[in-house]
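**Student:** What follows is a single structure, and I will ask about it in a moment.
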Amino acid sequence: MSLTSLSIAELQQKLRAGETSPVEVLQALEDRIAQVDPQIHGYLSRDFAAASAAAEKADVSLPLGGVPIAIKDVINVIGEPCTCASKIMENYRSPYDATVIRKLRAAGAIPFGRCNLDEFAMGSSTENSAFGRTMNPWDFDRVPGGSSGGSAAVVAADEAFAALGSDTGGSIRQPAALCGCVGLKPTYGRVSRFGLVAFASSLDQIGPFTKTVRDSGLLLNAISGRDPQDSTSLDEPVPDYTALLGQDLRGLKLGLPREYFIDGIDPQVESAIRAAIRQYESLGAEIVEVSLPHTEHAVGVYYIIATAEASANLARFDGVRYGHRTEIPSTLIEQYGRSRAEGFGPEVKRRIILGTYVLSSGYYDAYYLRAQKVRTLIRQDFTNAFEKVDALICPTSPEAAFKAGDRSGDPLKMYLADIFTIAANLAGICGISIPCGFAEAEGKRLPVGLQLLGRPFEEARLLQIAHAYEQSTEWHKAKPGV
């Protein structure tokens with residue numbers, strides 16, 4: 001087994017036993033990226049020299065000592081580009097570390113590589129990047145999901161031991177499902193957003209992509225906790241997220257939301273999910289049908305709230321303080337308009353326009369205010385369900401990876417790719433996607449993801465439930481042929 005195919009836990013054993021060194025690990029990773037990434041295009045940039053300097057000094061006794069971690073190119077790392085996959089930020093370099101990066105460094109990890117994404121994290125396929133799309137490692141003609149498609153693809157292709165992404169409406173869980181790795185969205189406020197370029201501030205959350213559930217717990221241990229620089233991060237105790245791993249599931253109840261098993265799910269995906277449900281029953285969990293009655297409104301509510309917040313957050317990219325500035329404008333207003341027209345891509349423009357519209361005078365009450373009220377009802381649905389069950393079980397995505405270009409001309413169809421993930425962001429709860437099988441298309445095996453949703457701040461319980469399934473199957477060990 002090659003070094004780059006190891007999980008974090010396996011790599012740590014070798015590092016601490018002196019069987020390899022952080023420098024050797026980083027070189028093996030760089031060699032693998034050079035071999036594979038020209039086909040995948042999961043990375044936008046990487047600074048091998050800076051990572052090598054950190055590897056030379058790495059303390060392998062620390063929780064993540066000597067482990068390189070890839071970073072979605074929307075999270076600030078000092079001295080590194082933070083392009084957000086946008087022309088408007090193409091020449092920007094970060095003057096500071098995001099809080100999650102500082103926490104990773106404190107745990108001994110080495111931030112290495114900037115991963116591709118949909119521009120400003122707006123998309124479900126990583127086709128909206130200004131610097132070219134990322135390919136799915138299982139089939140290069142298909143998308144890796146989005147918006148954190150680069151992060152998912154490099155982990156699945158063994159170009160990274162783990163990666164950080166951000167999840168606003170499914171942008172960690174959906175690409176994890178489509179690429180066949182583990183993707184965790186923590187509870188809103190569990191992980192600091194300071195240093196994450198904002199898309200929708202009440203929905204964004206940073207989380208890990210990993211090869212195993214245990215690795216997700218190890219990363220969450222490092223990045224969680226209150227941050228005085230983020231007023232939305234909550235002062236909740238940070239447990240050991242690996243403490244419950246290995247405990248059995250007897251006595252636990254898993255809810256099956258009837259609204260998540262609907263017409264339109266790919267039959268192969270539904271078959272894999274149903275098999276996973278039967279596996280959970282064999283592990284001792286009780287399956288209980290529950291209802292989330294306001295689910296049908298989630299996509300509409302999301303695309304009002306998220307676009308409204310995006311239109312406000314992206315107002316700062318005006319060609320004045322940083323980012324792209326148009327040449328020789330005749331007025332300040334012309335500078336604003338031309339800088340943004342030249343810098344933003346079509347999907348970002350679409351969402352800014354939609355968000356500005358729903359916030360405008362005469363439409364605020366009809367759209368934005370009403371959406372916030374329905375959001376409260378969606379959150380209450382989950383609260384009611386969690387009074388009956390310990391976690392919810394459902395598909396992550398209604399289908400496996402789709403062909404690149406299939407949905408580029410149909411934004412609504414693209415938006416529906418996140419139909420099963422959006423509600424968790426609106427409710428602020430935690431969720432995880434784990435591999436649970438394969439669908440076949442045109443002779444290619446495509447991963448299927450199982451989604452588990454948990455109560456706020458019960459990531460440890462969620463990881464226990466995910467780990468029990470993972471250890472009873474072989475799905476997480478499957479590798480794409482790259």
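**Student:** crowded, with 16+ Cβ neighbours inside 10 Å and in contact with a Phe, Trp or Tyr (Cβ under 7 Å, 6 or more places away or on another chain): is that true of residue 417 in this structure? Spell out how you get there, then give the answer.
**Tutor:** Numbers: crowded, with 16+ Cβ neighbours inside 10 Å: yes; in contact with a Phe, Trp or Tyr (Cβ under 7 Å, 6 or more places away or on another chain): no.
No.
**Student:** Considering only region 1-116, give the helices (runs of 4 or more DSSP H) lying wholly within it that have at least 2 residues that are open to solvent by less than 10 Å² (accessible area, probe 1.4 Å), under 26 Å from residue 127 (Cα atoms) and modelled with pLDDT of 95 or more. Before you say what the answer is, go through the steps one by one.
**Tutor:** Details: elements: 8-16, 22-40, 48-56, 99-106.
The qualifying helices (runs of 4 or more DSSP H) are 22-40.
**Student:** Would you mind telling me which numbered condition in (1) more than 22 Å from residue 128 (Cβ to Cβ); (2) surrounded by fewer than 17 Cβ atoms within 10 Å (Cβ to Cβ); (3) not aliphatic (A, V, I, L, M) residue 300 fails?
**Tutor:** Checking residue 300 against (1) more than 22 Å from residue 128 (Cβ to Cβ); (2) surrounded by fewer than 17 Cβ atoms within 10 Å (Cβ to Cβ); (3) not aliphatic (A, V, I, L, M), the one that fails is (1).
**Student:** For region 224-234, check the following and say yes or no: at least one residue is in contact with a Pro (Cβ under 8 Å, 6 or more places away or on another chain) and either outside any loop (DSSP other than H, G, I, E, B) or open to solvent by 30 Å² or more (accessible area, probe 1.4 Å) (or both). Explain how you work it out, then say what you get.
**Tutor:** Filtering region 224-234 down to residues in contact with a Pro (Cβ under 8 Å, 6 or more places away or on another chain) leaves 224.
Right, trim to either outside any loop (DSSP other than H, G, I, E, B) or open to solvent by 30 Å² or more (accessible area, probe 1.4 Å) (or both) and you get 224.
Yes, some residue in region 224-234 is in contact with a Pro (Cβ under 8 Å, 6 or more places away or on another chain) and either outside any loop (DSSP other than H, G, I, E, B) or open to solvent by 30 Å² or more (accessible area, probe 1.4 Å) (or both).
**Student:** Can you find a residue that is farther than 24 Å from residue 456 by Cβ, open to solvent by less than 80 Å² (accessible area, probe 1.4 Å) and within 27 Å of the chain's Cα centre (by Cα) anywhere in region 327-336?
**Tutor:** There is no residue in region 327-336 that is farther than 24 Å from residue 456 by Cβ, open to solvent by less than 80 Å² (accessible area, probe 1.4 Å) and within 27 Å of the chain's Cα centre (by Cα).
**Student:** Select, from 361, 311, the only residue that is loosely packed, with under 15 Cβ neighbours inside 10 Å, among the hydroxyl-bearing types (Ser, Thr, Tyr) and either free of Cβ contacts under 8 Å to residues at least 12 places away in the same chain or in contact with a Phe, Trp or Tyr (Cβ under 9 Å, 6 or more places away or on another chain) (or both).
**Tutor:** Sole residue among the options that is loosely packed, with under 15 Cβ neighbours inside 10 Å, among the hydroxyl-bearing types (Ser, Thr, Tyr) and either free of Cβ contacts under 8 Å to residues at least 12 places away in the same chain or in contact with a Phe, Trp or Tyr (Cβ under 9 Å, 6 or more places away or on another chain) (or both): 361.
**Student:** Out of 253, 211, report the one residue that is closer than 30 Å to residue 193 by Cα and of a type in the set (Lys, Arg). Lay out the reasoning, then the answer.
**Tutor:** On the way: 253 fails: closer than 30 Å to residue 193 by Cα.
Residue meeting the stated conditions: 211.
**Student:** Scan region 149-163 and report the pairs whose first residue is under 14 Å from residue 479 (Cβ atoms) and whose second residue is among the hydroxyl-bearing types (Ser, Thr, Tyr), with Cβ atoms within less than 6 Å and a gap of 6+ or a chain change.
**Tutor:** Cβ pairs passing all conditions: 153/134; 158/4; 158/5.
**Student:** Evaluate the following for residue 67: is it closer than 30 Å to residue 201 by Cα, free of Cβ contacts under 8 Å to residues at least 60 places away in the same chain and of a type in the set (Val, Ile, Thr)? Working first, answer last.
**Tutor:** Working: closer than 30 Å to residue 201 by Cα: yes; free of Cβ contacts under 8 Å to residues at least 60 places away in the same chain: no; of a type in the set (Val, Ile, Thr): yes.
No; evaluated as a whole, the condition is false for this residue.
**Student:** Among the numbered conditions (1) open to solvent by less than 20 Å² (accessible area, probe 1.4 Å); (2) under 22 Å from the mean Cα position of the chain (by Cα), tell me where residue 254 comes up short.
**Tutor:** That leaves (2) as the condition not met.
A quick yes/no check of all residues on (1) buried (at least 24 other Cβ atoms within 10 Å of the Cβ); (2) part of a helix (DSSP H, G or I); (3) modelled with pLDDT of 95 or more:
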| position | (1), (2), (3) |
| --- | --- |
| 155 | yes, yes, yes |
| 171 | yes, no, yes |
| 178 | yes, yes, yes |
| 200 | no, no, yes |
| 208 | yes, no, yes |
| 214 | no, yes, yes |
| 220 | yes, yes, yes |
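**Student:** Quick check on region 456-474: of everything there that is open to solvent by 20 Å² or more (accessible area, probe 1.4 Å) and out of contact with any helix residue (DSSP H, G or I) (no Cβ under 9 Å at 6 or more places or on another chain), which residue is modelled with the lowest pLDDT?
**Tutor:** Filtering region 456-474 for residues that are open to solvent by 20 Å² or more (accessible area, probe 1.4 Å) and out of contact with any helix residue (DSSP H, G or I) (no Cβ under 9 Å at 6 or more places or on another chain), the one modelled with the lowest pLDDT comes out as 474.
**Student:** Pairs please, first residue from region 36-50 and over 15 Å from residue 115 (Cβ atoms), second anywhere and open to solvent by less than 50 Å² (accessible area, probe 1.4 Å), Cβ atoms under 6 Å, 6+ apart in sequence or on different chains.
**Tutor:** Cβ pairs passing all conditions: 48/30.
**Student:** Going by the structure shown, is residue 353 within 22 Å of the chain's Cα centre (by Cα) and part of a helix (DSSP H, G or I)?
**Tutor:** Numbers: within 22 Å of the chain's Cα centre (by Cα): no; part of a helix (DSSP H, G or I): yes.
Here the answer is no, as residue 353 does not meet what is asked.
**Student:** Now a separate question. Can you name the residue in region 263-293 that is under 16 Å from residue 392 (Cα atoms) and among the β-branched types (Val, Ile, Thr) and, of all such residues, is surrounded by the most Cβ atoms within 10 Å (Cβ to Cβ)?
**Tutor:** Ranking the qualifying residues of region 263-293, first place goes to 273.
**Student:** Among the candidates 332, 377, which residue alone is modelled with pLDDT of 95 or more and on the phi < 0 side of the Ramachandran plot? Quick ask: steps written out before the conclusion?
**Tutor:** Working: 332 fails: modelled with pLDDT of 95 or more.
Just a single option satisfies the conditions, and that option is 377.
**Student:** Going by the conditions given, is residue 373 of a type in the set (D, E, K, R) and touching a residue at least 24 places away in the same chain (Cβ under 8 Å)?
**Tutor:** Numbers: of a type in the set (D, E, K, R): yes; touching a residue at least 24 places away in the same chain (Cβ under 8 Å): no.
No, not satisfied.
**Student:** Taking residue 386 as meeting all but one of (1) over 24 Å from residue 141 (Cα atoms); (2) out of contact with any helix residue (DSSP H, G or I) (no Cβ under 6 Å at 6 or more places or on another chain); (3) hydrophobic (A, V, I, L, M, F, W, C); (4) open to solvent by less than 10 Å² (accessible area, probe 1.4 Å), write down the number of the exception.
**Tutor:** Unmet condition: (4).
**Student:** Something else: Just to be sure before I move on: is residue 239 in contact (Cβ under 8 Å) with a residue 12 or more places away in the chain, not acidic (Asp, Glu) and not in a strand (DSSP E or B) in the structure I sent? Break it down into steps so the answer makes sense when it comes.
**Tutor:** Numbers: in contact (Cβ under 8 Å) with a residue 12 or more places away in the chain: yes; not acidic (Asp, Glu): yes; not in a strand (DSSP E or B): yes.
In short, yes.
**Student:** Restricting to region 180-198, count the residues that are outside any loop (DSSP other than H, G, I, E, B) and under 19 Å from residue 464 (Cα atoms).
**Tutor:** Step one: filter region 180-198 for residues outside any loop (DSSP other than H, G, I, E, B), giving 182-185, 191, 196.
Now restrict to residues that are under 19 Å from residue 464 (Cα atoms): 182-185.
So the count comes out to 4.
**Student:** Continuing with the same structure: Scan 323, 284, 319, 300 and give me the residue that is out of contact with any strand residue (DSSP E or B) (no Cβ under 7 Å at 6 or more places or on another chain), modelled with pLDDT of 95 or more, among the small types (Gly, Ala, Ser) and assigned to a loop (DSSP other than H, G, I, E, B). Steps first, answer last, please.
**Tutor:** Numbers: 323 fails: modelled with pLDDT of 95 or more; 319 fails: modelled with pLDDT of 95 or more; 300 fails: assigned to a loop (DSSP other than H, G, I, E, B).
Selected residue: 284, the only one of 323, 284, 319, 300 that is out of contact with any strand residue (DSSP E or B) (no Cβ under 7 Å at 6 or more places or on another chain), modelled with pLDDT of 95 or more, among the small types (Gly, Ala, Ser) and assigned to a loop (DSSP other than H, G, I, E, B).
**Student:** Still on this structure, please answer the following. So for region 444-455 (the condition being free of Cβ contacts under 8 Å to residues at least 24 places away in the same chain and open to solvent by 20 Å² or more (accessible area, probe 1.4 Å)), does at least one residue qualify?
**Tutor:** Checked against the condition, which is being free of Cβ contacts under 8 Å to residues at least 24 places away in the same chain and open to solvent by 20 Å² or more (accessible area, probe 1.4 Å), region 444-455 yields no hits at all.
**Student:** I need the full set of residues from region 423-440 which are open to solvent by 10 Å² or more (accessible area, probe 1.4 Å) and under 22 Å from residue 155 (Cβ atoms), in order please.
**Tutor:** Those that are open to solvent by 10 Å² or more (accessible area, probe 1.4 Å) and under 22 Å from residue 155 (Cβ atoms): 435, 438.
The values are calculated or read from the model by the stated rules, or taken from the named source; none is laboratory data. Note that this is a predicted model, so its numbers are computed, not measured. All Cβ positions, glycine included, derive from the backbone under ideal geometry; neighbour counts span all protein chains shown. We work out accessible area using only protein heavy atoms, side chains counted, and drop any ligands, DNA or RNA first. Shrake-Rupley method; radii C 1.70, N 1.55, O 1.52, S 1.80 Å.
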